[in-house]
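Taking it in order: structure first as structure tokens, then the write-up.
The values are calculated or read from the model by the stated rules, or taken from the named source; none is laboratory data. Note that this is a predicted model, so its numbers are computed, not measured. FYI the Cβ positions are ideal-geometry reconstructions off the backbone, even for glycines, and counts take in every protein chain you see. Just so you know, the surface numbers come from the protein's heavy atoms only, side chains and all, with ligands and any DNA or RNA stripped out. Shrake-Rupley method; radii C 1.70, N 1.55, O 1.52, S 1.80 Å.
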Amino acid sequence: MVVNAKDYDLDRENTWCPGCGNFAIMDVLKKTLAELDLPPHRVLAVSGIGQAGKMTDHIRVNTMHVLHGRLLPVATGASLADSGLKVIAVGGDGDGYAEGGNHLIHAARRNIDVTYMVHNNMIYGLTKGQASPTSGQGAHTPTTPDGNPLDGLNPIQLVLGLKAAFVARSFSGNKKQLGAILKKAFQKKGFAFIDILQPCPSFNKVNTNSWFKDRVYDINTEGHDTADIVQAFKLAQEWGERIPTGIFFDDREDRAGFRESLLGSTDRPLAGANLDPMDITEIMEKHL
Ligand SMILES: Cc1ncc(C[n+]2csc(CCOP(=O)(O)OP(=O)(O)O)c2C)c(N)n1
Ligand code: SF4
């Protein structure tokens, strides 16, 4: 089957603001799925509430638009239930690092077979610009009118610390790099995490497209060995005049995914698995 990027188009009104980084990310996602010849019926995109989460309104694959912060539990269930699905989770930095932060921790340590794309615009876009976990210290937002007293969360360090199978950062303004990273992420077995820097021209007037463009550089073209997690940690500490992007860590160990750990097999649907259920009649009778 030969799939074209246009096969993923959905003709629906789009409410993203002009100049929003979400357009480029969606464009690259569709092109990458086509490059990998993944037909729409074999893909499930799960998104949380937010501007990034609206992606599932505009891409013709199986979709679930779920509660804010809860996309990873749903993606976990779907990837367990059907090994034939390519499961993608898409959300914002608020969705994934604030309300959904606990799910991120356990998705990474369980090594769920999901590609997780976080559109990181360093604020809450949909709800009009409040501070998010990645907002920088001093950022003036409606919830931090005197400047954010906290330092921004570093998602790359966090997820490297969880030894996720694949850890990367890209930028919506570098479609070539984003496409190459997404392609590798989709081919990775286990949890593949990509933090994608994106401008929100309507509410983030500091971290603009040119602000990112002036700072980002590619660690892979500078020779970073993606098997070296210690060096990855060192690189991940950098944030300021230079911002490292690229693949930080690509685990060479063929670790079991969550499905394999639970079911011992990667190709059986959950419904067909022999889970050896125990008889709980005695317990029920004792306590009812
Ligand atoms: C359970 C729940 N909590 C909070 C909200 C309100 N809410 C909706 S979107 C959002 C934050 C959006 O920011 P982010 O996840 O970074 O995505 P963006 O819109 O910037 O892409 C919040 C707090 C909600 N809808 N549901
Ligand atoms: S508010 Fe920001 S994140 Fe939302 S669509 Fe507009 S530019 Fe994009």
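In the range 81-110, the residues that are under 24 Å from Asn204 (Cα atoms) reach residues that are near ligand 1 (Cβ under 8 Å from one of its atoms) and open to solvent by 20 Å² or more (accessible area, probe 1.4 Å) with C-beta atoms within less than 6 angstrom, at least six apart or across chains, in these pairs: Gly94/Tyr124; Asp95/His68; Glu99/His68. Scanning the range 167-216 for residues that are within 16 Å of ligand 2 (Cβ to nearest atom) and surrounded by fewer than 17 Cβ atoms within 10 Å (Cβ to Cβ) yields Pro201, Lys205, Val206, Thr208, Ser210, Trp211. For the range 252-267, check the following and say yes or no: at least one residue is within 25 Å of Ile123 (Cα to Cα), open to solvent by less than 40 Å² (accessible area, probe 1.4 Å) and either in contact (Cβ under 8 Å) with a residue 24 or more places away in the chain or among the charged types (D, E, K, R) (or both). No.
Scanning the range 30-72 for residues that are within 16 Å of ligand 1 (Cβ to nearest atom) and part of a loop (DSSP other than H, G, I, E, B) returns Gly48, Ile49, Gly50, Gln51, His58, Val66, Leu67, His68, Gly69, Arg70.
If you filter the range 4-32 down to residues that are crowded, with 18+ Cβ neighbours inside 10 Å, free of Cβ contacts under 8 Å to residues at least 40 places away in the same chain and among the hydrophobic types (A, V, I, L, M, F, W, C), you find that the one that is nearest to ligand 2 (Cβ to nearest atom) is Trp16. Among the residues of the range 80-93, those that are assigned to a helix (DSSP H, G or I) and more than 8 Å from ligand 1 (Cβ to nearest atom) comprise Leu80, Ala81. When Thr115, Thr63 are checked against the criterion of being within 27 Å of Gly136 (Cα to Cα), touching a strand residue (DSSP E or B) at 6+ places or on another chain (Cβ under 9 Å), away from ligand 2 (no atom under 16 Å from the Cβ) and among the polar types (S, T, N, Q), Thr115 stands alone in meeting it.
Looking at the range 218-228, which of its residues are crowded, with 17+ Cβ neighbours inside 10 Å and either in contact with a His (Cβ under 8 Å, 6 or more places away or on another chain) or over 19 Å from Leu197 (Cα atoms) (or both)? Selection gives His224, Thr226.
Would you mind stating whether Gly69 is open to solvent by less than 10 Å² (accessible area, probe 1.4 Å) and either modelled with pLDDT under 95 or over 23 Å from Leu38 (Cβ atoms) (or both)?
Numbers: open to solvent by less than 10 Å² (accessible area, probe 1.4 Å): yes; either modelled with pLDDT under 95 or over 23 Å from Leu38 (Cβ atoms) (or both): yes.
Judged against the criteria, Gly69 is a match.
Looking for whichever is surrounded by fewer than 24 Cβ atoms within 10 Å (Cβ to Cβ) and assigned to a helix (DSSP H, G or I) here; the options are Gly96, Gly77. Which one fits?
Sole residue among the options that is surrounded by fewer than 24 Cβ atoms within 10 Å (Cβ to Cβ) and assigned to a helix (DSSP H, G or I): Gly77.
Within 20 Å of Ala185 (Cα to Cα), more than 16 Å from ligand 2 (Cβ to nearest atom) and β-branched (Val, Ile, Thr): is that true of Val90 in this structure? Taking the combined requirement at face value, the residue does not satisfy it.
Among the listed residues Ser132, Ser47, identify the single one that is more than 13 Å from the chain's Cα centre (by Cα), surrounded by 20 or more Cβ atoms within 10 Å (Cβ to Cβ) and not acidic (Asp, Glu). Before you say what the answer is, go through the steps one by one.
Working: Ser47 fails: more than 13 Å from the chain's Cα centre (by Cα).
Exactly one residue qualifies, and that residue is Ser132.
What single numbered condition from (1) more than 27 Å from Lys183 (Cα to Cα); (2) in contact with a helix residue (DSSP H, G or I) (Cβ under 8 Å, 6 or more places away or on another chain); (3) away from ligand 1 (no atom under 14 Å from the Cβ) fails to hold for Thr144? The single condition Thr144 does not satisfy is (2).
Quick one: in the range 221-231, of everything that is without any contact (Cβ under 8 Å) to a residue 24 or more places away in the chain and part of a loop (DSSP other than H, G, I, E, B), which residue is nearest to ligand 2 (Cβ to nearest atom)? The residue in question is Glu222.
Would you point out the residue of the range 110-128, among those that are in a loop (DSSP other than H, G, I, E, B) and surrounded by fewer than 24 Cβ atoms within 10 Å (Cβ to Cβ), that is farthest from ligand 1 (Cβ to nearest atom)? First the steps, then the outcome.
Residues of the range 110-128 in a loop (DSSP other than H, G, I, E, B): 111-114, 121-122, 125-128.
Narrowing further to those that are surrounded by fewer than 24 Cβ atoms within 10 Å (Cβ to Cβ): 111, 126-128.
On the way: Asn111: 24, Leu126: 4, Thr127: 5, Lys128: 9 Å.
Filtering the range 110-128 for residues that are in a loop (DSSP other than H, G, I, E, B) and surrounded by fewer than 24 Cβ atoms within 10 Å (Cβ to Cβ), the one farthest from ligand 1 (Cβ to nearest atom) comes out as Asn111.
Within the range 235-251, being over 22 Å from the mean Cα position of the chain (by Cα) and open to solvent by 60 Å² or more (accessible area, probe 1.4 Å) holds for Glu241, Arg242.
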